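Asker: Pasting in a structure now, in structure tokens, and then I'll have a few things to ask.
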Amino acid sequence: MKKFQFTLERIKQYREQELDTEKGTLAEIRAEIASLEAELQGILEELARLNRELTEMYEKGTTPLEISVHKRYIAAKQQELHMKRHQILMKEREAENQLKRVIAASQEVSKMEKLEEKQIEEYKAAEIKETEAFIEEFVSNADWRKTNIQ
């Protein structure tokens, strides 16, 4: 009997390749989220520092112009913080959608693997039948030779 070959091997390989691509894309998105969160943390730390500086300015006494400039800078940083949070939210939604694509691709690969397992079982069953038929024929021929040679 010829060697087993999965009839849908190329499709299975394509699905596996597709799954790897989707996983890679998900990893990239998650890395972008981590980077954005690090930037967010930096903005939060800078805002905390700016607020401490503003408090010190109040305590030491300063001009209203300097306080106004400082407050505008804090407002700009708060706006940047808001935008960064929005970017993170959008990336998280993108990651959720990508995760759905990874799951779908994973299910496709799983289907191919199950089909391959089924074909392997059918191949083994056919191989057993062929072996049994060969043994049966061999025994039959051996009996025929015994009776005809004597």
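Asker: Considering only residues that are touching a residue at least 60 places away in the same chain (Cβ under 8 Å), open to solvent by 70 Å² or more (accessible area, probe 1.4 Å) and closer than 30 Å to Q17 by Cα, which ones fall in region 112-128? Full working, then the answer.
Answerer: The first filter runs over region 112-128 and keeps only residues touching a residue at least 60 places away in the same chain (Cβ under 8 Å), leaving 112-113, 115-116, 119-120, 123, 126-127.
Those still in the list that are open to solvent by 70 Å² or more (accessible area, probe 1.4 Å) too: 113, 115, 127.
Hits for region 112-128 are E113, L115.
Asker: Moving on to the next point. What is the residue count in region 28-63 for residues that are among the small types (G, A, S) and touching a residue at least 12 places away in the same chain (Cβ under 8 Å)? Talk me through it step by step, then tell me what you get.
Answerer: Filtering region 28-63 down to residues among the small types (G, A, S) leaves 31, 34-35, 38, 42, 48, 61.
Checking the rest, the ones that are also touching a residue at least 12 places away in the same chain (Cβ under 8 Å) come to none.
The number of residues fulfilling the criteria is 0.
Asker: Considering R101, R52, R30, which residue is part of a helix (DSSP H, G or I), over 30 Å from I11 (Cβ atoms) and open to solvent by 80 Å² or more (accessible area, probe 1.4 Å)?
Answerer: Working: R101 fails: over 30 Å from I11 (Cβ atoms); R30 fails: over 30 Å from I11 (Cβ atoms).
Going through R101, R52, R30 in turn, the sole match is R52.
Asker: Pairs please, first residue from region 66-90 and closer than 21 Å to A31 by Cβ and exposed (fewer than 12 other Cβ atoms within 10 Å of the Cβ), second anywhere and modelled with pLDDT under 95 and not acidic (D, E), Cβ atoms under 6 Å, 6+ apart in sequence or on different chains.
Answerer: none
Asker: Condition first: of a type in the set (A, V, I, L, M) and under 51 Å from the mean Cα position of the chain (by Cα). Now tell me which residues in region 51-78 satisfy that.
Answerer: Taking region 51-78 first, the residues of a type in the set (A, V, I, L, M) are 54, 57, 65, 67, 69, 74-76.
Matches in region 51-78: L54, M57, I67, V69, I74, A75, A76.
Asker: To continue, here is another question. Whether any residue in region 11-30 is farther than 14 Å from I88 by Cα, at pLDDT below 95 and among the aliphatic types (A, V, I, L, M) is what I want to check.
Answerer: The answer is yes; a qualifying residue exists.
Asker: Something else about it: Just to verify a result, which residue in region 1-27, among those that are touching a residue at least 40 places away in the same chain (Cβ under 8 Å) and in a loop (DSSP other than H, G, I, E, B), is surrounded by the most Cβ atoms within 10 Å (Cβ to Cβ)?
Answerer: Checked region 1-27; the qualifying residue surrounded by the most Cβ atoms within 10 Å (Cβ to Cβ) is F6.
Asker: Out of E59, E39, I need the residue that is assigned to a helix (DSSP H, G or I) and surrounded by 10 or more Cβ atoms within 10 Å (Cβ to Cβ). Which one? Step through it out loud before you land on a result.
Answerer: Numbers: E59 fails: surrounded by 10 or more Cβ atoms within 10 Å (Cβ to Cβ).
E39 is the lone residue from the list that is assigned to a helix (DSSP H, G or I) and surrounded by 10 or more Cβ atoms within 10 Å (Cβ to Cβ).
The values are calculated or read from the model by the stated rules, or taken from the named source; none is laboratory data. All figures in this text were calculated on a predicted structure; none of them were measured in a lab. Positions of Cβ are backbone-derived with ideal geometry, glycine not excepted, and every protein chain shown enters the neighbour counts. To get the accessible areas, we keep the full protein, side chains included, count just its heavy atoms, and leave off ligands, DNA and RNA. Shrake-Rupley method; radii C 1.70, N 1.55, O 1.52, S 1.80 Å.
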